[in-house]
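The values are calculated or read from the model by the stated rules, or taken from the named source; none is laboratory data. Computed from a predicted model, the values in this text were never measured in an experiment. Virtual Cβ from ideal backbone geometry, glycine too; neighbours counted across all protein chains shown. We work out accessible area using only protein heavy atoms, side chains counted, and drop any ligands, DNA or RNA first. Shrake-Rupley method; radii C 1.70, N 1.55, O 1.52, S 1.80 Å.
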Amino acid sequence: LLVVLVLLAASEAGFYGGIPAYPGGYGHVYRPVYPSIPTPYTFNYVAPAIGGISARQESGDGYGRVIGSYKVADADGRIRKVQYTAGPEGFRANVYTNEPGTKTSNPAGVLIQSSAPNPPPYYPPKIPYGGGHKRIIIIPGNKPWKY
C-alpha cells in the first residue's frame, strides 16, 4: 500500500523516474534534447487518380542539401514534371510541361521547357452598347405580357 501511495504521489507531482510525466505539469516543462546529428532522409509516393497521376520523390543529406522531383499528369494529357535541388547555392528547378499557355523561358534561374503549341490569338467578343440586354416593356392589360 505504501509503494502504491508513493507512486501515486510521484505521478501527481509530475515526475516518474526523474523525468516529468507530461509537459507543463506544475511549472515543470520537459524539453527533450535532440542531438545535432545530420539525419539524411528519403521518401517517395505515387498516387494514381481518375485519368491521371501524381508522384513525388525527395532525398536530403541532413546538411540542408535536397534533391527531388514531382510529376502531375491529367486526364486531358497535360503533364508537368519538376526536378529541383536546394542547398547553400539556393533553390534550382527545371520544369518540363506541355500545359497550354506556357513557353520555354528561364525566369529567376528556373528553367521552364514547354512543348505546348502556341495558342491562337484571342479576340474578345464584341458586345453591343448596353451589354446586349433586352429592354422589357410591360404593357398592362388582360393579355399576356409583350416584349
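A few points about this structure:
- From the options ARG92, ARG31, residue that is part of a strand (DSSP E or B) and modelled with pLDDT under 95: ARG92
- Among the residues listed as TYR63, TYR84, TYR70, the single one being open to solvent by 50 Å² or more (accessible area, probe 1.4 Å), modelled with pLDDT of 90 or more and under 30 Å from SER36 (Cβ atoms): TYR70
- Region 104-137: number of residues that are open to solvent by 100 Å² or more (accessible area, probe 1.4 Å) and modelled with pLDDT of 85 or more: 0
- GLN83 satisfies every condition listed in (1) over 20 Å from TYR41 (Cα atoms); (2) touching a Ser or Thr at 6+ places or on another chain (Cβ under 8 Å); (3) of a type in the set (S, T, N, Q); (4) assigned to a strand (DSSP E or B) except (1).
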